[in-house]
Amino acid sequence: MPAGFGRLWTAQTVSSLGDGITHAALPLIALTLTRDPMALAVVTAAGTLPWLLFGVLGGALVDRWDRRHTMWVADAARAALLAIPAAAAVLDMLSIPLLAAVAFLLGLGGLFFDTAATAHLPDLLHRDTALLERANSRLRGAQTAMSGFAGPPAGSALLALGRSVPLLADAVSFALSALLVRTLPAVPRPAAETRESLLRQARAGASYVFRDRLLLGLALRPAVGNIAFLAVETVLALFARERLGIGTFGFGLLLTAEATGGLLGAGIASFLGRRLGTGTALTCTAAAEGLAILGLAAAPNPYLAGLALAVCGAGMGATMVLGPSLRQAIVPAHRMGRVASTSRMLAMCAAPLGAFLGGWLATAYDVRTPLYAAAGLLLTMTAITATMTSNRRVEVALRAAAPVSSPDHPKPAEPAQKSAPDVL
């Protein structure tokens, strides 16, 4: 691994710890202001709205801007932003609209940082598929460990010291991440396309995803998945308290169980890809997620609920290594920002729908109903996208991308028997 990857990994690890603290603390802070499921859904959905409004345009801007500069500025801005709700908490001026506004702006910063980081990584690693899988496994493992394993219990504990404390901890993590990212080595910029308007470039990036069945399948999985997962996340704190009898600290431990599974899934992702093929592995992990949410809905006690979340986390952890690594290996460098942002936009735009769906189902029926609906969506998505991300399509796409590899990373040996191209 290049030396610069270590600094990128450290920066994202530190930031993920702060994210985990806020992930647990924010819904609990909102619960101190209201018990209305729809109000909680507003806070949850606000963080995803920037992707709906600016997702593809953000990717086009990242393809124009220096990616390292974009990352550290986004983190520095988020560090400054979190001082606002922290001060409001001290002054007892917190409100649901303020939390929603802060969540929206944090999401906007995340849009630019995540897109730039996704586009920067294949440049840093010379688009080497094996290195990309290893790097994404380490990044995903650290993110899962920090944002899900260590962060939530810390967030719950810090919240006991005051509502501003977890927010300030996340601000410090963003500031440290910005300082580390700023020291990353410069990498060659990809060759720019003919200068076009921002809207035309954004439209071209989106079209590139929708016209390729493999890329579309890779994008649809997290899109449908986010509808399901946000429906669950919106009511999870309420579900844990009312149905499982779990308090504030126990809720943090429940999220930790999911993170433990995610850490395992990220660690075994490359093994699953080699053993089953990337396409089959992605189908199996998606099915595991749906069955796990079904188990969570039916769980009679916190222990089985934690086990179900651990299985779901393992599926998500493996998926978030295999899917992005494959995309980074087959997409041309000059389109990487737009393709990444389009795929992420589809996923994030689906999230508000899931959040409001979860709030509505819990209000109209029962707090378990969003979980059953989420499981049905995940299993249906698995069946629909199985052929779109098949092993055969993956092999064809990797062979097509191999000629653009750099001289230091030659084209891999082709399999003995070739498949006819079927990627649109």
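The values are calculated or read from the model by the stated rules, or taken from the named source; none is laboratory data. Predicted, not measured: the structure shown is a model, and the values here were computed from it. Glycine also receives a Cβ, built like all others from the backbone with ideal geometry; neighbour counts cover every protein chain displayed. Just so you know, the surface numbers come from the protein's heavy atoms only, side chains and all, with ligands and any DNA or RNA stripped out. Shrake-Rupley method; radii C 1.70, N 1.55, O 1.52, S 1.80 Å.
The set of residues in the range 322-357 that are open to solvent by 40 Å² or more (accessible area, probe 1.4 Å) and either among the hydroxyl-bearing types (Ser, Thr, Tyr) or over 13 Å from the mean Cα position of the chain (by Cα) (or both) comprises 334, 335, 353, 356, 357.
Identify, please: which residue in the range 299-316 is without any contact (Cβ under 8 Å) to a residue 12 or more places away in the chain and part of a helix (DSSP H, G or I) and is, among those, surrounded by the fewest Cβ atoms within 10 Å (Cβ to Cβ)?
303
Is it fair to say residue 229 is at pLDDT below 85, of a type in the set (Phe, Trp, Tyr) and in a helix (DSSP H, G or I)? No, not satisfied.
Here the range 43-99 is the region considered, the condition is being polar (S, T, N, Q) and under 25 Å from residue 207 (Cα atoms), and the residue that is modelled with the lowest pLDDT is 48.
Could you identify the single residue in 260, 280 that is open to solvent by 10 Å² or more (accessible area, probe 1.4 Å), in contact (Cβ under 8 Å) with a residue 60 or more places away in the chain and either closer than 24 Å to residue 153 by Cβ or in contact with a Phe, Trp or Tyr (Cβ under 7 Å, 6 or more places away or on another chain) (or both)?
None of the other options fit; the residue is 260.
Table: residues versus (1) out of contact with any strand residue (DSSP E or B) (no Cβ under 6 Å at 6 or more places or on another chain); (2) farther than 21 Å from residue 13 by Cα; (3) surrounded by 19 or more Cβ atoms within 10 Å (Cβ to Cβ).
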position	(1), (2), (3)
53	yes, yes, no
58	yes, yes, yes
71	yes, no, yes
74	yes, no, yes
84	yes, yes, no
89	yes, yes, yes
99	yes, yes, yes
108	yes, no, yes
113	yes, no, yes
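Restricting 30, 45 to those that are assigned to a helix (DSSP H, G or I) and under 17 Å from residue 166 (Cα atoms) reduces the list to 30. When you look at residue 333, is it out of contact with any Phe, Trp or Tyr (no Cβ under 6 Å at 6 or more places or on another chain) and free of Cβ contacts under 8 Å to residues at least 24 places away in the same chain, yes or no? Spelling it out, it is not the case that residue 333 is out of contact with any Phe, Trp or Tyr (no Cβ under 6 Å at 6 or more places or on another chain) and free of Cβ contacts under 8 Å to residues at least 24 places away in the same chain. The number of residues in the range 125-147 that are modelled with pLDDT under 80, of a type in the set (A, V, I, L, M, F, W, C) and crowded, with 22+ Cβ neighbours inside 10 Å comes to 2. Filtering the range 368-423 to residues that are of a type in the set (Val, Ile, Thr) and at pLDDT below 85 leaves 404, 423. Check whether at least one residue in the range 234-246 is in contact (Cβ under 8 Å) with a residue 12 or more places away in the chain, open to solvent by 50 Å² or more (accessible area, probe 1.4 Å) and closer than 21 Å to residue 22 by Cβ, and report yes or no. Looking through the range 234-246, none of the residues is in contact (Cβ under 8 Å) with a residue 12 or more places away in the chain, open to solvent by 50 Å² or more (accessible area, probe 1.4 Å) and closer than 21 Å to residue 22 by Cβ.
Selection of the range 101-120 for residues being in contact with a Ser or Thr (Cβ under 7 Å, 6 or more places away or on another chain) and within 16 Å of residue 85 (Cα to Cα) yields only 107. Would you check if there is a residue in the range 280-290 being over 21 Å from residue 370 (Cβ atoms) and of a type in the set (D, E, K, R)? No; the residues of the range 280-290 include none that is over 21 Å from residue 370 (Cβ atoms) and of a type in the set (D, E, K, R).
Looking across the range 14-46, the residues that are β-branched (Val, Ile, Thr), open to solvent by 20 Å² or more (accessible area, probe 1.4 Å) and under 19 Å from the mean Cα position of the chain (by Cα) come down to 14, 44.
State whether the residues of the range 152-162 include one that is assigned to a helix (DSSP H, G or I), more than 18 Å from the chain's Cα centre (by Cα) and farther than 23 Å from residue 256 by Cα.
Within the range 152-162 (the criterion being assigned to a helix (DSSP H, G or I), more than 18 Å from the chain's Cα centre (by Cα) and farther than 23 Å from residue 256 by Cα), the answer is no, since none of the residues qualifies.
Against the criterion of being modelled with pLDDT of 90 or more, farther than 16 Å from residue 218 by Cα and either of a type in the set (A, V, I, L, M, F, W, C) or open to solvent by 10 Å² or more (accessible area, probe 1.4 Å) (or both), residue 292 qualifies.
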